Amino acid sequence: MRVRIKYFAKYADLAGTRQEEFEVGHIKIGELLRVVKEKHPGIRENESALVALNGKYGNEEQTISDGDTVSIFPPVSGG
Amino acid sequence: MEMERYLSQMAVKEIFPSGQKIIESSSVVVVGMGGTGSAIAEVMVRMGVKKITIVDYDTIENSNLNRQTMYKESDIGLKKVDVAKIELLKINNYVSVESVDQKLISSNAEGILSKADIIMDGTDNYDARHVLNVASVNLNIPWIFSAVEGTYGYVKAILPGKTSCLSCFEYPDEGEGISCTVQGVLPSAVRAISSLACSIALKVLMDKETYGDLIYLDVWKPMLEVMQIPRNKECRVCGTKKD
Ligand SMILES: [Zn+2]
């Protein structure tokens, strides 16, 4: 099945694209993130990214379905 | 004369007819008087807020002047809260401006914030926002989270008991984060995020903001995205795992 990943902020620069599609099985968001980070090592393993599944905040335990959109945002601290 | 000043904003249908009264009777606390905080304080006072408390322990540096429009070259070396108070009173001399020259920490937070109708986030690190979040939940006072770096940032309304708080999702709750000087921040992004924070604050004060979505705004691409963040029942700050 296919899922769309949308990269926000610096993650778009690190991935070199604002969005791309991945062909994966019925995996959880946490596993999908590992696949993403393997492809784009700039998106660091230890950084707590904010992840949305179809526009709603998601956690690593949620399972994704065909056609889902997963958005990844970095934490931001400045002010 | 007072009325004349606010006519153009009162004519906005989202504000008309009761919004202006609500703005003028609200007490606002702004924590952090850097780029976002000083811009928020200025907008609030220009819109008619009559009671404002500003909190910061920093002094003005040359490197602040590209984006912190409250301050001028002649202010370098002076305390931000002292200069900001003078500048805010120049905008409206009938405003009560309380300046607090302290770092907000867990032991003083509730005392400083307790009289607020709304708390505005002008901080620049994870530690301070965690202190704000805990105090807001304990005091049951809403706060507006805002953060910015590079060309983008976030704004989110946090209404204790109604919306998710900052700890309901994986926003880091400790550390300094990366400073604006290292990470870089576009002055126009600072203005955009602080403006958005003021709009969301108005909606909260007028009881028109109940969702507390996380709003992401990038002024360069440009791009705006809204993420729903439901409450986390097991949240360590506002849920069952509260210490
Ligand atoms: Zn919470």
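The values are calculated or read from the model by the stated rules, or taken from the named source; none is laboratory data. Given the structure is predicted, the values throughout are model-derived calculations rather than measurements. We place every Cβ from the backbone using ideal geometry, glycine too, and count neighbours over all the protein chains shown. SASA here: full protein model, heavy atoms, side chains in, ligands and nucleic acids out. Shrake-Rupley method; radii C 1.70, N 1.55, O 1.52, S 1.80 Å.
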Residues (surrounded by 15 or more Cβ atoms within 10 Å (Cβ to Cβ) and within 12 Å of chain A (Cβ to nearest Cβ)) located in region B:229-243: B:I229, B:R231, B:N232
Test each condition in (1) open to solvent by 30 Å² or more (accessible area, probe 1.4 Å); (2) more than 12 Å from chain A (Cβ to nearest Cβ); (3) under 30 Å from B:V49 (Cα atoms) for B:L186 and report the one that comes out false. (2)
Check on B:N66, surrounded by fewer than 15 Cβ atoms within 10 Å (Cβ to Cβ), without any contact (Cβ under 8 Å) to a residue 40 or more places away in the chain and within 20 Å of B:R191 (Cα to Cα): no
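Just to confirm my filter: which strands (runs of 3 or more DSSP E) fall fully inside region B:67-178 and include at least 2 residues that are touching a strand residue (DSSP E or B) at 6+ places or on another chain (Cβ under 9 Å) and within 16 Å of the ligand (Cβ to nearest atom)?
Here the list reads B:118-121, B:143-149, B:152-158.
Restricting attention to region A:28-54, and to residues there that are assigned to a loop (DSSP other than H, G, I, E, B), more than 16 Å from A:P75 (Cβ to Cβ) and modelled with pLDDT under 95, which single residue is nearest to the chain's Cα centre (by Cα)?
A:H40
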Can you find even one residue in region A:17-27 that is within 14 Å of another protein chain (Cβ to nearest Cβ), touching a helix residue (DSSP H, G or I) at 6+ places or on another chain (Cβ under 8 Å) and either open to solvent by 80 Å² or more (accessible area, probe 1.4 Å) or at pLDDT 95 or above (or both)? yes
So for region B:201-213 (the condition being open to solvent by 30 Å² or more (accessible area, probe 1.4 Å), within 23 Å of A:V70 (Cα to Cα) and either away from the ligand (no atom under 16 Å from the Cβ) or under 20 Å from the mean Cα position of the chain (by Cα) (or both)), does at least one residue qualify? yes
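If you check A:S71, A:S77, which single one turns out to be surrounded by 13 or more Cβ atoms within 10 Å (Cβ to Cβ), within 14 Å of chain B (Cβ to nearest Cβ) and more than 13 Å from the chain's Cα centre (by Cα)?
Details: A:S71 fails: more than 13 Å from the chain's Cα centre (by Cα).
From the options A:S71, A:S77, the qualifying one is A:S77.
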Taking region A:28-61 and keeping residues at the interface with chain B (Cβ under 10 Å from one of its Cβ atoms) and either free of Cβ contacts under 8 Å to residues at least 24 places away in the same chain or surrounded by fewer than 16 Cβ atoms within 10 Å (Cβ to Cβ) (or both) leaves A:E47, A:S48, A:V51, A:A52, A:N54, A:G55, A:K56, A:Y57, A:N59, A:E60
For region B:16-44, how many residues meet the condition of being part of a helix (DSSP H, G or I), under 17 Å from B:P142 (Cβ atoms) and open to solvent by 10 Å² or more (accessible area, probe 1.4 Å)? 1
